[in-house]
Structures are given as C-alpha cells and as structure tokens.
Amino acid sequence: MARAAEKTAKKEARTKSELIREALRQYLWGRRWKALRQYGEQKARELGVREEDVEGLVHETRTAKR
C-alpha cells in the first residue's frame, strides 16, 4: 500500500501526506454520509414514510412555506 501511495502521489505531483489527508477526508465524509442516511431511514420508518411518499411531502412542505 505504501508503494501505491508513493506512485500515486508522484503521478499526481502531490506529497504522500496530501494524498493521505485527501483519502482520510473522503473516508470521514463517507462515514458521515452513511450515518446521516441511516438516521433518515430510521426516522422514515418511525414516521411510516415510504420512498414513494417523499416527492409529495417535499412539494407540500415547499408550498406551505410560501
């Protein structure tokens, strides 16, 4: 893995540190997104909201705010 990091860093004209930082940022973003998605799925189950309900609910909410 270290050789792959060195090779990629050289190819992209970046340091290994920059490459590792970017990989960590992407990893952490993915974990946050997964947690948010799981939270939304749980709330939808609790409220009985199905995927096909979402578009109508968004429309209702946007219309009510005007």
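The values are calculated or read from the model by the stated rules, or taken from the named source; none is laboratory data. Quantities reported herein were computed from a predicted structural model and do not represent experimental measurements. For neighbour counting, all protein chains shown are included, and Cβ atoms are generated from backbone atoms with ideal geometry for every residue, glycine included.
Summary table
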| read-out | value |
| --- | --- |
| Filter result for GLU22 (surrounded by 10 or more Cβ atoms within 10 Å (Cβ to Cβ) and either modelled with pLDDT of 95 or more or small (Gly, Ala, Ser) (or both)) | yes |
| Conditions (1) surrounded by 10 or more Cβ atoms within 10 Å (Cβ to Cβ); (2) at positive phi; number of the one not met by GLY48 | (1) |
| Filter result for ALA35 (without any contact (Cβ under 8 Å) to a residue 24 or more places away in the chain and touching a helix residue (DSSP H, G or I) at 6+ places or on another chain (Cβ under 9 Å)) | no |
